[in-house]
Each structure stands twice: as structure tokens, then as C-alpha cells.
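Engineer: Structure in C-alpha cells, see below.
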Amino acid sequence: MSANKVVVGCQWGDEGKGKIVDLLAAEADVIARFQGGANAGHTIIVDDQKYILHLIPSGIIHPGKICYIGNGVVIDPFGLKEELDFLTSKGIDYKGRLFVSAAANLVLPYHKLIDSLQEKNRGTSPLGTTMRGIGPAYVDKVARHGIRVADMFNRERLKKRLEYQAVLKSNVLTGSDDERADLDRTFNELMGLSDLFEELAADVSLELAKAQKKGLSILYEGAQGCMLDVDLGTYPYATSSNTTVGGALTGLGIGPKAIDQVVGVVKAYTTRVGAGPFPTELVDDTGEELRRLGDEYGATTGRPRRCGWLDLVSLRHAVRINGVDSVAITKLDVLDEFDEIKVATEYELHGQRLSEVPLDLVDLAHVRPIYKSLPGWKTDTTGITNFADLPENARAYLEFVAGDLGVTIALISTGAQRKETIFV
Ligand code: IMP
């Protein structure tokens with residue numbers, strides 16, 4: 001029996017968790033996603049096939065693995081149906097091995113409409129959301145009037161719940177000619193999916209407990225990154241869920257002892273989409289070069305990502321708040337061509353040095369990173385599979401990062417393909 005691992009992103013999302021989860025899923029029996037929604041975009045490349053999944057755990061691509069979507073995820077039922085059809089078109093049979101928590105809240109078309117209106121209302125300082133309705137759906141959940149998967153199985157109950165939404169959201173929905181405001185249409189479309197969801201629905205917490213009892217190994221899959229955590233990230237420039245390890249406990253209904261190891265995914269440099277402070281952002285040719293070499297465009301929205309050097313200050317925060325045991329470093333090969341590679345080791349704020357992320361966002365927006373410069377390796381590392389075969393400067397870079405963070409390196413990704421990986 002291998003250990004039960006949780007995989008979390010340690011930066012602002014887009015660390016390459018899709019590939020890491022795909023690799024770790026090979027050793028697991030069960031894969032369970034615990035938070036977020038279709039704002040995520042997990043890209044998995046297997047030979048010449050590319051899969052981009054937003055809601056369904058990446059583990060589904062491995063034949064025979066059981067996958068769960070937990071109560072902490074907000075599910076766009078129409079998006080989920082599209083993903084299921086996509087899997088079917090790729091010859092992947094999900095029946096009997098993909099289950100969805102009956103307690104998960106739904107993201108409905110009006111949530112997307114509200115998301116876009118709220119972004120417009122924020123005027124010159126929008127959050128830069130993915131417009132997938134995530135924030136408004138979590139707001140309804142916490143306000144205790146959200147609509148959950150189980151509500152789809154009772155026609156009258158669903159109707160009543162939607163009628164209540166019409167009252168609650170009348171200022172947005174009444175008189176709107178946007179089809180996403182049409183609750184009758186939403187009702188009919190949801191009823192069209194209710195049989196499908198009845199087949200998928202499960203008590204995920206209970207099923208995971210049973211799996212554990214049987215000695216099966218479980219991989220808990222997070223989305224986004226810890227700097228986007230609604231409590232511990234760069235609030236309000238955050239997503240609306242707990243992207244950190246705590247989110248796995250509440251988002252799946254498991255206890256802390258159900259997790260044996262915490263794997264943090266760290267891209268070898270930093271990127272961020274959407275607005276908010278980003279101390280090591282490079283708005284110069286080097287930033288452009290990182291974007292070009294790393295193909296840094298969003299998997300969900302296609303937006304160009306903001307790029308910068310690795311930031312050890314924010315990574316220390318990520319390691320601490322998640323209790324990270326080991327890291328998976330991704331996209332090392334993107335740094336191959338640089339003469340020098342910088343790493344922020346501290347920040348400076350009003351003449352003072354900081355080694356931790358300041359909690360006040362205004363302070364974080366004003367810090368200046370203090371860099372350590374390391375020599376580049378100027379050698380193609382694409383596809384290297386042995387740590388010893390990496391150029392000396394690349395090894396030194398990785399060892400410096402792991403040493404500072406006090407973690408071990410579990411694996412290093414040197415390309416998009418499964419086989420382009422170093423298992424350390
Ligand atoms: P929301 O989650 O769509 O509400 O967006 C809130 C913030 O989180 C925005 O800055 C988004 O760009 C960011 N975000 C949400 N999901 C992801 C993701 O999967 N990767 C990277 N950034 C994300």
C-alpha cells in the first residue's frame with residue numbers, strides 16, 4: 001500500500017499539477033478532487049493526445065482508477081457533461097468509476113452572469129476572475145441558499161429553490177435579456193441532466209473511508225495554488241475556496257490522519273493570471289521570454305500569464321501553511337536558455353528586510369524582491385530522466401531551492417510528456 005498523498009499548488013496556480021497528478025495517479029487506486037470548480041484547467045499530455053480537464057480529476061485518464069469530486073468543489077453541471085462527452089470521444093470509459101458528491105454545490109448560468117457583472121462593477125480594478133461563476137456560487141453556498149447536486153433529484157424541490165433564487169437575485173435577473181438569467185430554461189436543462197447525475201452521485205466522504213479501510217491508496221487533488229487561497233492567499237485577489245491542505249479535509253469529509261504526505265507543486269519560476277500583487281513579476285524582455293519559452297497562456301481562458309522569477313518568500317509561506325513534505329518541480333527546461341537565473345530570497349519594505357509574506361496586501365504590493373543570482377546552465381534539459389544527468393548548475397539551482405525550503409524534491413518535470421520526468 002502506498003501512502004495517501006495530497007497534491008497542492010504552491011504558487012498562484014498553473015504550476016503544472018495536471019501532469020504531477022497524472023504521474024502520481026499511476027501509483028494510486030483512488031483520486032479525489034477537493035475544491036474549486038471549472039476555473040481550473042489541468043492539462044495532461046499522453047503521447048500525441050492532449051487532455052484539458054476542468055472538473056474531473058486527471059486520474060480518470062488511467063484505466064480502472066476510481067475518481068471522486070468532493071463536496072468542496074462547485075460543479076458546473078453543464079461543464080461536467082461536456083467533459084464526460086469529451087472523455088467518451090477519446091474512448092475513456094468513466095462509467096462506474098467517477099462519482100460526484102451529492103452535497104456539492106452547483107455553479108449555474110446565473111452565477112456566471114453575476115461573476116461578469118461584478119467584474120464590470122469593479123471598474124478599473126477587477127479581480128481578473130475566470131468568469132466561471134466560482135465566487136458567486138461559493139457566496140450562495142456560504143449564505144446557505146446554494147443549490148446542491150442532491151437538489152436535482154427532486155423536481156419540486158429544485159423548482160422551489162430556483163424560485164427563491166429569482167427573489168434573491170431579482171435586481172440582476174428580472175428583466176435581463178441575457179439567457180443566463182432565464183431560470184425556467186436552467187430548470188429544464190437541469191432536469192435533463194438529473195438521470196446522469198443520479199448515476200454519478202455518492203457520499204464521497206463515506207466512500208473514501210471505505211477505500212481507506214480496504215487499504216487502497218488515495219491521491220487528493222487540489223486546484224489553483226496556495227497564494228489564491230481565500231484565507232491564506234493574496235485576498236481579495238484570490239479564488240473563493242481553500243486551495244490549501246485544510247480544503248482537502250473539509251472538501252472531502254476526511255480527517256487529518258487520512259493524509260500521509262503533502263506534495264507541493266512548484267514551477268521553476270513564477271506565473272500569475274488575473275490581478276493582484278506579484279513581487280517577482282518581470283514586465284520586461286525576460287518576462288516575455290519566460291512567457292514565450294514556457295507557453296504561459298491560461299488553459300481555461302487563454303489569457304497570457306504574468307511571469308517572473310521564483311519567489312522563495314512566498315514558497316516558504318506555502319510550505320508552512322500546507323506542511324509540505326516534498327515538492328515536485330515543474331518546467332525546469334523552460335530555464336535552459338538563461339545566462340543567469342534569479343531567485344527572490346527576501347523582500348524589502350520601507351528599508352526593512354522581510355523573510356515572510358506580509359499579511360497586509362498593501363504592504364505586499366509595495367515590497368521589492370531581493371534576489372540571489374545563480375548561473376544558468378545553457379544546456380537543453382528537455383526529457384532528462386536522471387538527476388545525475390542534469391547540468392551541474394541546474395542541480396545547484398534545485399538544491400538551493402529545496403535547501404532553503406527545507407523540503408525534499410520528489411520529482412522534476414523536464415517536459416510535458418509523462419516520460420519527461422526525473423523521479424528523485
Ligand atoms: P475565480 O476563481 O474565477 O473567481 O478567479 C479568482 C482569481 O483566481 C483570478 O485571479 C483567477 O485568474 C485566479 N484563478 C482561478 N483559477 C485559476 C487556475 O486554475 N489557475 C490560475 N489562476 C486561477
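Engineer: Have a look at Gly70, Gly222, Gly246 and tell me which one the Gaussian network model of the chain (Cα, springs below 10 Å) gives the largest fluctuation.
Structural biologist: In the Gaussian network model the winner is Gly246.
Engineer: Near Arg132, within a Cβ-to-Cβ distance under 14 Å, what is the net charge of the other residues, with Lys and Arg +1 and Asp and Glu -1?
Structural biologist: On the way: positive: Lys112, Arg180, Arg303; negative: Asp76, Glu82, Glu83, Asp115, Glu119.
Taking every Cβ under 14 Å from that of Arg132, the sum is -2.
Engineer: For a bin width of 5 Å, list the pair-distance distribution of segment 35-82 built from all Cα-Cα distances, rounded to whole %.
Structural biologist: 5, 19, 29, 27, 15, 5, 1
Engineer: Right, next: Normalised by the empirical 2.2 N^0.38 Å for globular proteins, what value does the Cα Rg of segment 136-284 take? Write out the running numbers ahead of the final one.
Structural biologist: On the way: Rg = 19.7 Å, N = 149, 2.2 N^0.38 = 14.7 Å.
It is 1.34.
Engineer: Hey, with R₀ at 56 Å, roughly what FRET efficiency would Arg185 and Asn386 work out to, going by the Cβ-Cβ distance, to 0.05? Can you show the working numbers first?
Structural biologist: On the way: r = 56 Å, r/R0 = 1.01.
The formula returns an efficiency of 0.50 here.
Engineer: Additional query: Sum -39500 (n - 2.57) across every DSSP H segment of at least 4 residues in the chain, then divide by the residue count to get the 222 nm mean residue ellipticity, nearest 500. The partial results should precede the final answer.
Structural biologist: On the way: 13 runs with 139 residues, N = 424.
Result for the chain: -10000 deg cm²/dmol, rounded to the nearest 500.
Engineer: Counting only protein heavy atoms, what percent of the accessible surface of the chain is carbon or sulfur at a 1.4 Å probe?
Structural biologist: Details: 8720 of 17620 Å².
C and S fraction of accessible area: 50 percent.
Engineer: Give me the three principal axis extents of segment 145-186 from the C-alpha atoms, as integers in angstrom, largest value leading.
Structural biologist: The Cα atoms of segment 145-186 stretch 29, 18, 14 Å along the principal axes, largest first.
Engineer: Starting from the 7 Å offset along Cα-to-Cβ, what nm value, one decimal, do you get for the label separation of Asp47 and Ser176?
Structural biologist: 4.5 nm
Engineer: With +1 on each Lys and Arg Cβ and -1 on each Asp and Glu Cβ, and nothing else charged, work out how big the dipole of the chain is about its Cα centre, in Debye to the nearest 20.
Structural biologist: Working: 47 positive and 58 negative charges, 239 e Å.
Dipole size: approximately 1140 debye.
Engineer: Further question: Where only protein heavy atoms count, and the probe is 1.4 Å, what is the accessible area per residue for segment 286-424 in Å²? Walk me through the numbers on the way to the answer.
Structural biologist: Values: 6320 Å² over 139 residues.
Heavy-atom SASA per residue in segment 286-424 reads 45 Å².
Engineer: Turning to a different aspect of this structure: Which loop-located GluC sites (Glu not before Pro) does segment 96-200 contain, where loop means any DSSP state but H, G, I, E or B and the Cβ has at most 16 other Cβ atoms within 10 Å? Don't skip to the answer; put the middle values down first.
Structural biologist: Details: sites: Glu119, Glu156, Glu163, Glu179, Glu189, Glu198, Glu199; in loops: none.
Passing sites in segment 96-200 do not exist.
Engineer: Let me ask another. What's the percent breakdown of Cα-Cα distances in segment 338-424 across 5 Å bins, shortest bin first?
Structural biologist: So the P(r) values, bin by bin, are 3, 13, 18, 17, 16, 11, 11, 8, 3, 0.
Engineer: Note down, for segment 310-373, the three equivalent ellipsoid semi-axes (square root of 5 times each alpha carbon gyration tensor eigenvalue), biggest first, whole angstrom.
Structural biologist: Values: eigenvalues 104, 63, 15 Å².
They are 23, 18, 9 Å, listed from largest to smallest.
Engineer: Work through the residues other than Pro279 whose Cβ is under 14 Å from its Cβ and net out their charges, Lys, Arg +1 and Asp, Glu -1.
Structural biologist: Working: positive: Arg272, Arg306, Arg316, Lys342, Arg353, Arg368; negative: Glu281, Asp311, Glu346, Glu348, Glu356, Asp360, Asp363.
Net charge in that neighbourhood comes out at -1.
Engineer: Related question: Report the semi-axes of the equivalent ellipsoid for the chain in whole Å, largest first, where each axis is √(5λ) for an eigenvalue λ of the Cα gyration tensor.
Structural biologist: The answer is 36, 26, 19 Å, longest axis first.
Engineer: What net charge do the residues around Leu293 carry, taking every other residue with its C-beta under 11 Å from that of Leu293, with Lys and Arg at +1 and Asp and Glu at -1?
Structural biologist: Details: positive: Arg291, Arg292, Lys331; negative: Glu288, Glu289, Asp295, Glu296, Asp333, Asp336, Glu337.
Net of charged neighbours comes to -4.
The values are calculated or read from the model by the stated rules, or taken from the named source; none is laboratory data. The structure presented is a predicted model; accordingly, all values stated were derived computationally and were not measured. Virtual Cβ from ideal backbone geometry, glycine too; neighbours counted across all protein chains shown. When the accessible area is computed, the model is the full protein with side chains, heavy atoms only, and any ligands, DNA or RNA have been set aside. Shrake-Rupley method; radii C 1.70, N 1.55, O 1.52, S 1.80 Å.
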